[in-house]
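Each remark here refers to the structure printed beneath this line.
Here, each number is a calculation from the coordinates, and none is a lab measurement. Since this is a predicted model, take the numbers as computed values, not measurements. All Cβ positions, glycine included, derive from the backbone under ideal geometry; neighbour counts span all protein chains shown.
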Amino acid sequence: MATSGPAINPIEQFSVSKLVDVHIAGHDFSFTNSSLYMAIAVAIVCILMMIGANGGTGIPGRLQALAEMAYEFVSGMVRSAAGEHGMVFFPLVFCLFMFILICNLVGLIPHAFTVTSHIIITVSMALLVFFTVIIVGIAKNGLHFFKLFVPSGVPIYILPLVVAIEIISFLSRPLSHSVRLFANMLAGHITLNVFGGFCVMLLGAGAVTKAVAVLPFAMTIGLDALELLVAFLQAYVFAMLTCMYLNDALHPGH
Amino acid sequence: MTEPTKATQTEVGHEAGGHANFPPFDSSTFPSQLLWLAITFGALYYVMAKIALPKVGAVIENRKARIAKDLNDAAAMQQQADAAAAAHEKTLADARAKALGVAQEARDKLAAESDLKRKALEDELAAKMVVAEGQIAATRAQAMSNVESIATEAAGAIFERILGRPADSHAIAAAVASVKPT
């Protein structure tokens, strides 16, 4: 772990540390910092939305407006991408969006752990969507679901090729879906850590270099703003792709 | 660097080992992350789907319904206000017409009264005129009869003076009457 020296270790921020040891049937199910931040994110979303649920007086306060904005934003997304039938998936898409968004945003707080920077988390969520699409697609459409892989209006002689491409693209969905979020969060946090580390190193190195430390500091500020955008954007992209995949489950006929 | 890092590292040493230096690929943490993701995300899904989202949706729907109702009420009130304004205008116009009527009536009544008075006055004056004319005529007739007797007397006196004898009074009177202008 200590290969890149004590001043900058951009990987260290991703390490999972145990808070409460839990071992069940020989597996390590410990409550870790990752679990803690998942719980924090869930608590934040729940508190926000419960405030939104209780504000029935008609005139919304700030948190109420925020909760309703989130609700209308996601419901608009689901409705536009998957249609009115897609609204059965609204709670799922909403939970994914809010969970990822809050995990990303909380992760931007210095010393906080970023849950979404671990591939196992993003893969789990992507597979959840993937299998939801397959199960719902087959349950609703039966064998018609497999029309998804056979686009209409394609000449018969290139149809096998097109079907093969469609199947590969369908199967690679969870990969791209999960790696996109994971890689964005990982890379962003490493970059932030590296520039922040430069700052600390230059400040510690000597009187002349202290002045130069302003440059990486300015960069860190800029990157922070960028990461705020990325945090929102990646949550949005993940939720939007979820909506589009779910739309395939409901309307497989292209 | 810290205690937890070392703990993770030693654990990795036990198990997969391959990506020991890169925590996101450290498969020894996967069971724990999967379990806690399932627990937390499941709880989140339950709370959102069963409690929070329907309520928030209801709150938004209620507000929309209330705003729509308020707008409808406002439109209805606007109509009422318009109707009231129209009624007010009508009342005002009626009152103005009535006032004009009353004024006209009063004017007519006054005119009629003054006409009546003038007529009475004119009649009275005319009656007085008739009386006065009658008096004048009587006076003149009397005066004329006086003139006749004076002329008869004067003629008698003149006759007596010239002829030296008293005149026949009947003949004198007849002569005066014959020259008297009618």
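Using R0 = 25 Å, the C-beta based FRET efficiency linking B:A85 and A:I59 works out to 0.20.
Could you give me D for the protein assembly as shown, from Stokes-Einstein at 4 °C and 1.567 mPa s, where the hydrodynamic radius is the Kirkwood radius over C-alpha pairs? Units µm² s⁻¹, please. List each step's numbers first, then the result.
Numbers: Rh = 31.2 Å.
Stokes-Einstein gives a translational diffusion coefficient of 41 µm²/s.
Using only alpha-carbon positions in the stretch A:42-87, the gyration tensor eigenvalues give semi-axes of 22, 12, 8 Å once each is multiplied by 5 and square-rooted (largest first).
Projection of the Cα convex hull of the stretch B:35-179, averaged over all directions and equal to a quarter of that hull's surface, yields 17.0 nm². Summary value for chain B: 8 percent relative contact order, contacts being C-alpha pairs under 8 angstrom separated by 6+ residues. Counted residue by residue at 0.36 nm each, then reduced by the alpha carbon distance between them, the extension gain from B:R66 to B:L92 reaches 5.6 nm. Based on DSSP H segments of at least four residues, each scored -39500 (n - 2.57), chain A has a per-residue ellipticity at 222 nm of -23500 deg cm²/dmol. Taking every alpha-carbon pair under 8 Å whose residues sit at least 6 apart, the stretch A:70-136 reaches a relative contact order of 18 percent. Each of A:M244 and A:I134 was given a label point 7 Å from its Cα along the Cα-to-Cβ line. The distance between the two points is 2.1 nm. Between A:L159 and A:A43, full extension at 0.36 nm per residue minus the direct alpha carbon distance yields a gain of 36.8 nm.
Residues of the stretch A:168-197 with the amide nitrogen closer than 11 Å to a label point 7 Å from the Cα of A:A218, along Cα-to-Cβ, please. Once the point is set 7 Å along Cα→Cβ of A:A218, nothing inside the stretch A:168-197 turns out to lie under 11 Å by backbone N. Grouping the Cα pair distances of chain A into 5 Å bins from zero gives a pair-distance distribution of 1, 6, 10, 13, 14, 14, 12, 10, 8, 6, 4, 2, 1, 0, 0 percent in increasing distance order.
Computed FRET efficiency, Cβ-Cβ of A:T209 and A:A112, R0 25 Å: what is it to the nearest 0.05? Working shown, then result.
Numbers: r = 29 Å, r/R0 = 1.15.
The value I calculate is 0.30.
Put a dot 7 Å past the Cα of B:A120, heading toward its Cβ, do the same for B:S178, and the two dots end up 5.9 nm apart. Annotation: amide H-H contacts under 5 Å for A:L19 (H modelled 1.01 Å from N, sequence separation of 5 or more, or interchain): A:F31, A:T32, A:N33. Compared with the dominant Cα axis of chain A, that is its longest principal axis, helix A:33-54 is turned about 60°. Shape class for the stretch B:109-182, computed from the alpha carbon gyration tensor (a ≥ b ≥ c): prolate, with a/c not under 1.5 and a/b above b/c.
Available extension along the chain between A:H23 and A:S172 is 50.3 nm, counting 0.36 nm per residue and deducting the alpha carbon span.
Rounded, prolate or oblate for the stretch A:39-145? Axes are the square roots of the Cα gyration tensor eigenvalues, ordered a ≥ b ≥ c, and the cut-off for rounded is a/c under 1.5.
Values: a/c = 2.94, a/b = 1.25, b/c = 2.35.
Oblate.
Taking Cα pairs under 8 Å and at least six residues apart, what relative contact order does the stretch A:2-250 come out at, in percent? RCO, the stretch A:2-250: 27 percent. The Rg/Rh ratio for the stretch B:63-129 is 1.68, where Rg is the radius of gyration of the alpha carbons and Rh is the Kirkwood radius.
List the residues of the stretch B:136-150 whose backbone N lies under 18 Å from a point placed 7 Å from the Cα of B:S169 along the Cα-to-Cβ direction. Output list for this probe position: B:145-150. I'd like the distance separating the alpha-carbon centroids of the stretch B:63-114 and the stretch B:132-182, in whole Å. About 89 Å separates the Cα centre of the stretch B:63-114 from the one of the stretch B:132-182. Straight-line cross-link partners of B:K90 among the lysines, defined as a Cα under 22 Å from its Cα and at least 8 positions apart when in the same chain: B:K98. Return the FRET efficiency for the residue pair A:V150, A:S80: r is the Cβ-Cβ distance, R0 is 22 Å, and the value is rounded to the nearest 0.05. Plugging the Cβ-Cβ distance into 1/(1 + (r/R0)^6) gives 0.25.
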